[in-house]
Structures are given as structure tokens and as C-alpha cells.
1. Give the residues of region 56-73 that are buried (at least 17 other Cβ atoms within 10 Å of the Cβ) and of a type in the set (Ser, Thr, Tyr), sorted by residue number.
2. Output the number of the condition that residue 90 fails; it satisfies all remaining conditions of (1) part of a loop (DSSP other than H, G, I, E, B); (2) modelled with pLDDT of 95 or more.
3. Only residues that are closer than 14 Å to residue 90 by Cβ and either without any contact (Cβ under 8 Å) to a residue 60 or more places away in the chain or in contact with a His (Cβ under 7 Å, 6 or more places away or on another chain) (or both): list them for region 51-62, please.
4. Regarding residue 89, is this residue more than 24 Å from residue 55 (Cα to Cα), among the hydrophobic types (A, V, I, L, M, F, W, C) and under 14 Å from the mean Cα position of the chain (by Cα)?
5. Please work out which residue is modelled with the highest pLDDT, limiting yourself to region 135-148 and to residues that are acidic (Asp, Glu) and surrounded by 12 or more Cβ atoms within 10 Å (Cβ to Cβ).
6. Restricting the first residue to region 89-118 and requiring it to be on the phi > 0 side of the Ramachandran plot, which pairs with a second residue that is assigned to a strand (DSSP E or B) meet a Cβ separation below 8 Å and a spacing of at least six or different chains?
7. Go through (1) closer than 21 Å to residue 71 by Cα; (2) of a type outside the set (Ser, Thr, Tyr); (3) out of contact with any Leu (no Cβ under 9 Å at 6 or more places or on another chain) for residue 129 and report which single condition fails.
8. Name the residue, out of 98, 128, that is of a type outside the set (Lys, Arg) and buried (at least 18 other Cβ atoms within 10 Å of the Cβ).
Amino acid sequence: MKKTVFIALSLFFLITGSFGLKEVRAEKDGLPLTILDNHSMRPNNNVTGIHIGEDIASIEADTFRNQINLRYIEVAEGNPYFTSFSYCLYDKEMTTLICFPQALDKAEIPGSVTKINQYALYGVEPEIKEAVKEAIKENAAKRGTEYEYIRYNFFPYNKQWPWNCEYPLTD
């Protein structure tokens, strides 16, 4: 039996489905997956909001990289690994900015944030990107810690889409 990954985007509410709010759920052979990566979210210009459930335990740095209309990310209150604040995605302790949605034009950065993931500001307008970096650097200085820009070494990069297969994500 061919094992395939089924990524299902379901409507969060019937009304908001047309506005692009999606809930990300991942399954493989009927069992829930707990990792989101760049295969979970192919470029989809219709997605404006994402709800991350309690079962997601890991999110790769480049998961939301090509979501150009993404305006907000929500995280289920019971998720032990991630949280959202002011529509941005953070680790649970709110020390690391994981994703600032590309279409978001402003957000409050908590004073506890002193680290930023490599792709957290990917595609964000340059002025906003610089303001967020400065806010995080100020937070680090106030807390007496180092500002940390977390880089990931993806090489050799082996996460390419299998062009001869169907995308696992369907609308």
C-alpha cells in the first residue's frame, strides 16, 4: 500500500473560509502528524490566516516562507510548544520570533523576545522588518542578553517537491 501524506485544510468557520482562514491538520495514513514544514504549506495566495492546533510539536523555519497574503497566525491555547501574540508566531516561552506574517503591517513585539528565526521576517516589507529587528535588539539589551539570529543549515537541501507526484496539500 502506497503511503501518502494527506494535508487537509479545513474551514475554521464556514463564513471565514472564503476569507482565507484555514486550520492546518496533517495526517499520514489516518494518524496525525506533529510537524509542519515547507511540504505542509505550498505557496497559496488565498491563505490569510492559519490556526495551529494543540497537536503540532515542531515547525520548520521555512514553513510559512511563501505565504504572501498571510496576515495572522493563531495557536491553540493548549499547544505546549508554540504561542501567538499580536498575530505572530512564537515559541511557548515567547523568547523567539518564529514567524511575522508577510501581509501583517504592524504588531506588538513582547519584551521577552530576544531571538529571531532565519525566515521569521521573510517577505515582510523592509521598513517593518528593520523595526522588528530593532525592537528585538532593544529587548535583548534591556534583558542583558545577546540578540540572536538563528540560522539553519539546510544543505544538502533534500526537501524538494517531487514534481512527478501530487502535492500533499489540497484546497
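The values are calculated or read from the model by the stated rules, or taken from the named source; none is laboratory data. Just so it is clear, the structure is predicted and the values come from calculations on it, not from any experiment. Here the Cβ is made from the backbone with ideal geometry for all residues, glycine too, and neighbour counts use every protein chain on show.
1. 63, 72 - these are the residues of region 56-73 that are buried (at least 17 other Cβ atoms within 10 Å of the Cβ) and of a type in the set (Ser, Thr, Tyr).
2. (1)
3. 52, 56, 59
4. No; evaluated as a whole, the condition is false for this residue.
5. Taking the candidates together, the pick is 138.
6. These pairs meet every condition: 94/83; 94/85.
7. Result: residue 129 passes all but (3).
8. It is 98.
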